[in-house]
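Q: Below you'll find the structure I mean.
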Amino acid sequence: MFLQWQVTLTGQFRSTVNPRDCGARVAEEQCDSKCGHSWHLILLVWAVAVELPAWKGATSTVGLAGATPQPYSVPMGSEEATVFEDSQILTYQYGIPTSLRNTGQQWDFPNGWAPLQDLVIRGLAKSSSPRTQGVAFQLAQNWIRTNFDVYSQKSAMYEKVTATMPVRTWELPLLLLLGLGLGLGLGLGLGLGLGLGLRSQEALPPPCESQIYCHGELLHQVQMAKLYPDDKQFVDMSLSAAPDEVLQSFSALTTAHNHSIPRQQLQEFIQRYFQPVGQELLSWTPEDWKDRPQFLQKISDAKLRAWAEQLHQIWKKLGRKMKPEVLSHPERFSLIYSEHPFIVPGGRFVEFYYWDSYWVIEGLLLSEMTETVRGMLQNFLDLVKTYGHIPNGGRVYYLQRSHPPLLTLMMDRYITHTDNISFLRENIETLALELDFWTVNRTVSVNLGGESYILNRYYVPFGGPRPESYSKDEELANNLQEGDPEALWAELKAGAESGWDFSSRWLVGSPHPDLLSSIQTSRQVPVDLNAFLCQAEELMSSFYSRLGDDAQAAKYKGLRVQRMAAMQAVLWDEQKGAWFDYDLENGKKNLEFYPSNLTPLWAGCFSDPAAVDKALKYLEDSQILTYQYGIPTSLRNTGQQWDFPNGWAPLQDLVIRGLAKSSSPRTQGVAFQLAQNWIRTNFDVYSQKSAMYEKYDISNGQPGSGGEYEVQEGFGWTNGVALMLLDHYGDQLTSGTRLALLVPHCLVAACLFHLLPSFLS
C-alpha cells in the first residue's frame, strides 16, 4: 500500500497545476488545501525515494509504513539537535510546528508546512553525529506518516497539516528524551494514555514486508493447515525460487481451488518451492576453542569438573555460520544475514537470540573464546547500524520487536576479558544508538504523588499473528469474547520482546488472569527492563569516561541517577524489601513473586546497601528458599512456560549474583546454597539424559514443560550459567547426594549461618 502511495504521488506531478492557482482565495487561509499540492509532493517523493533509504530505517516503526530499513554509517559527531530538544519541538509527533504561538494565522501554531519540514530535516541530516541524523530521520518518519495516514483517509494531499492532531495511541515516541534524556521534569502526563495504547481498533502494520514470512494469504493458509507440529518450521524454510515466482504460483493455485487449497496440494506446493529447515546454515567449530580452559582447574569436585569439560565441548555443537547465499539472495530467506559465526541456543532455535546471547557470552569468555565473542558482538553492532536496534532473534519476522537490552553489558564483559579499548572506541556510538531505540520507542511516563517519572516498558505496535506461532495466535483471537485481535497480537509480541513468553506476569490485573488472551504486557512497567537500562547507563558513563569524553560520561551518569530515583519511587516497596512491576492501568504494583523483582541487585542499581539483606528476607517470606531444585519463575501455575513450576537459568543468575553482593555472610551463604541447588539439578539431569535443557521443573528436578512448544535441548544460556556458577563457587560445589528437604523458611537463615564454615572453606 505504501509503495502504491509513492507511485500515486509521483504520478500527481503530471496533473498538478500551479499550487497557488486557487483564484482570489490565495491571500488568506481560505485557499482550497486540496490543490495538489506540489511542494508537498516534491518533499515527499524526495524523502521517500532519495533521502530516507540512506538513513537508518524505521527502527521500531515499520520503516515508512513497510519499507525495508537500509544500512547507514555511524560516525562520531556533535549534538546539533539539542536546540530542538530544548525548544520541545521533538514532542510533536505529526510534524514540526511553524511557530509556538497560536494566533489563528496559517503560518503559526499548530500548522506544519512541507517546506519548513524540509529546511529542518535536511539541515540536521548534514550532521556527522548519528544521534542528530537519527533525529532527522525520525522527523522525516513523522511527516511521512502524517501525510500517508491523511492520504489513506481522504485520498488527498494538503498544503498544511496540524502538528497537534489527536494522539494516535499505538505510537508515541518521546523524541524529547532522545540522546540527552531531557524533559524528565516536564510532566508530560502520558501515564495511562500510553499504558492503554493498544486498544485502538485500527489495523497495525505487519512485522515485516514479506508476504511469505510475515503476512499474507500464503502464510495464513499454510499455518492454519497445520502441516507441521511447530509453526516455526514453515517460516524458517528458505525459498527454492524468487519470492515473486512463488507468490504468482500460489495465486494461481488459490484461484484454481477457490482459495481453499486441499492439504495434499498445499504440501506439494511447499515441497516444490521451499527448502527444509536449516539449509542456509552450516555447522561451525569455533577456531578459538581449546581443550582445557583455565577455569576447570578451580573446580574441586572431580565429577563436576568432568561435567564442566563436557559443557565446554557443547560449544562446538552449537556453532553456526551462514552460507553466502543468505547475503547474495536475502529475499529467499527469513534468516537475517550475519557476517560472523555465532552460537545458537539449540533445539528449534537455530538462529541467534538477543538476550540469550549474554549468558552464552559469559560462558564463552570462561572458555577463553574471545574471538567468537567478538564476532557475535560485531553481528549485534551491525544490526544496530542497519535497523537501529537488535531484533528478538535472527529472523525477519522478529524485526519489529527487540529483547531485554544487554548489548552494553556484553561489551563490558568482552572489554573486561580482553582490554580491547580500540574496539570499544570504534563502537561506542553504536551502543548509544541501541539505548536511543529504547528511549524513543519504549518510554512511558508514570504520574505518582504529583511527580512525573520516566521509565521503560515492552511495547510492539505491530499487527497480525506472530508468524512463528501463527495458528496459535489466530485461534486465540478467534476465541476472544471481547477486544481487538490486533491489540491482542501486539501484546503477544510485546510479551515475546520481554523474553518471558509467556507468563502470568503479563496477565495479572486483567479480567481473566489465567487466560493468555488477557495478556497486557505493554501496561506493565517491568523491574528487570529498567534495571537492565540502568546498568547500561552506568556502563556507558564508565565507557565514555575511559575514552576521555567527560560530557557524555556525565550525561549517562545523570540518566542513571534519574532512573534510579524513578525506580525507587515507582517500583520499590520498602515493607516487602523488593521492587515490583508497576501496573499502568490499575495504578499499583504487581506484588506477585518473580525472580525479576530482584534484578536491580544483580544490575547494581540500588543505593541502600541494606537492600540485599532485605531481599533475603523477601525470599524467606515468599518461601522461595524451600524449593530445593531451583528458584521458581513465579508461584502461579498457569501452564505457561514462564510460570511455576519452571525454573530458568538466567533467573537463577539474577537472584544468586544479586544476593552475593551482600557483605553479610548469611546472605552470601544463601547465594551459595541456591547455586548448589541449581548445579545439582543440572548435573543430575545431565547424568540421566546426557543433555542440558532450556528450563527445569523445580518441583521434581526434571526438564521443564508448558508453553507453546516442547522443552528444548542444547542449551546456550543454561550452559553459560552453569559454567559461571562452577567458576565462582568451584571450590565449594559438590555433586553428592542432595538434602531430602530444606528446613522451613523461617529457620533457613539460622541454619545457613551455622553451615557457613563449610560453605566458605
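Q: So for segment 234-299, taking the charge dipole from beta-carbon charges (+1 Lys/Arg, -1 Asp/Glu), which of VAL235, LEU296, PHE250 sits furthest toward the positive end?
A: Of the options given, the answer is LEU296.
Q: Would you mind checking the radius of gyration and Dmax of segment 84-154 based on alpha-carbon positions, in Å?
A: 12.6, 38
Q: Please work out how much accessible surface GLU482 shows to a 1.4 Å probe, ignoring ligands, DNA and RNA, in Å² rounded to 10.
A: Counting only protein heavy atoms, GLU482 exposes about 140 Å² to solvent.
Q: Continuing with the same structure: Assign unit charges at the C-beta atoms only (+1 for Lys and Arg, -1 for Asp and Glu), then state the dipole size of segment 84-154 relative to its Cα centre in Debye, rounded to the nearest 20.
A: Result for segment 84-154 is approximately 160 debye, rounded to the nearest 20.
Q: Regarding segment 558-622, what whole-number volume in Å³ per residue does the convex hull of its Cα atoms give?
A: Value for segment 558-622: 88 Å³ per residue.
Q: Name the residue from ILE679, SER663, VAL711 whose Cα lies farthest towards the positive end of the charge dipole of segment 604-742, charges +1 on Cβ of Lys and Arg and -1 on Cβ of Asp and Glu.
A: Most positive-ward Cα: SER663.
Q: Something else about it: Once the Cβ-Cβ distance between GLN297 and TRP107 is put in as r, and R0 is 60 Å, what FRET efficiency do you end up with, to the nearest 0.05?
A: So the FRET efficiency works out to roughly 0.20.
Q: Further question on the same structure: Mind checking the dipole of segment 225-277: about its Cα centre, +1 per Lys or Arg Cβ, -1 per Asp or Glu Cβ, Debye to the nearest 20?
A: 180
Q: Using modelled backbone amide H atoms (1.01 Å from N, in-plane), which distant-in-sequence or interchain residues come within less than 5 Å of TRP572's amide H?
A: So TRP572 has HN proximity to PHE580.
Q: Now, a different point. Quick one: divide the alpha-carbon radius of gyration of segment 347-450 by 2.2 N^0.38 Å and tell me what you get.
A: On the way: Rg = 15.0 Å, N = 104, 2.2 N^0.38 = 12.8 Å.
Expressed relative to 2.2 N^0.38 Å, the Cα Rg reads 1.16.
Q: I've got another one for you. What residues have an amide H closer than 5 Å to that of VAL444, excluding those fewer than 5 places away on the same chain, when H is modeled at 1.01 Å from N in the peptide plane?
A: Here LEU455, ASN456, ARG457 satisfy the definition.
Q: Right, next: What aspartates and glutamates could a cross-link reach from LYS126, if we take a straight Cα to Cα line under 15 Å and drop same-chain neighbours fewer than 8 places away?
A: LYS126 reaches GLU51, GLU79, GLU80, ASP118.
Q: Could you state the number of Å between the C-alpha centres of segment 592-637 and segment 349-419?
A: 27
Q: How big is segment 382-437 in terms of Cα radius of gyration and Dmax, in angstroms?
A: Both quantities, over Cα of segment 382-437: 12.0, 36 Å.
Q: Shifting gears a bit: So if I restrict to the alpha-carbon atoms in segment 225-277, what is the Rg, and what is Dmax, the biggest pairwise distance, in Å?
A: In Å, with Rg to one decimal and Dmax whole: 11.1, 29.
Q: Among the listed pairs LYS472/LYS689; LYS555/LYS588; LYS317/LYS385; LYS323/LYS493; LYS576/LYS661; LYS472/LYS493, which have their C-alpha atoms separated by more than 22 angstrom in this model?
A: Beyond 22 Å: LYS472/LYS689; LYS555/LYS588; LYS317/LYS385; LYS323/LYS493.
The values are calculated or read from the model by the stated rules, or taken from the named source; none is laboratory data. From a predicted model like this one, the values you see are computed outputs, not experimental measurements. Note that each Cβ is placed from the backbone with ideal geometry, even for glycine, and that neighbours are counted across all protein chains shown. Heavy atoms of the whole protein, side chains included, go into the accessibility calculation; ligands, DNA and RNA do not. Shrake-Rupley method; radii C 1.70, N 1.55, O 1.52, S 1.80 Å.
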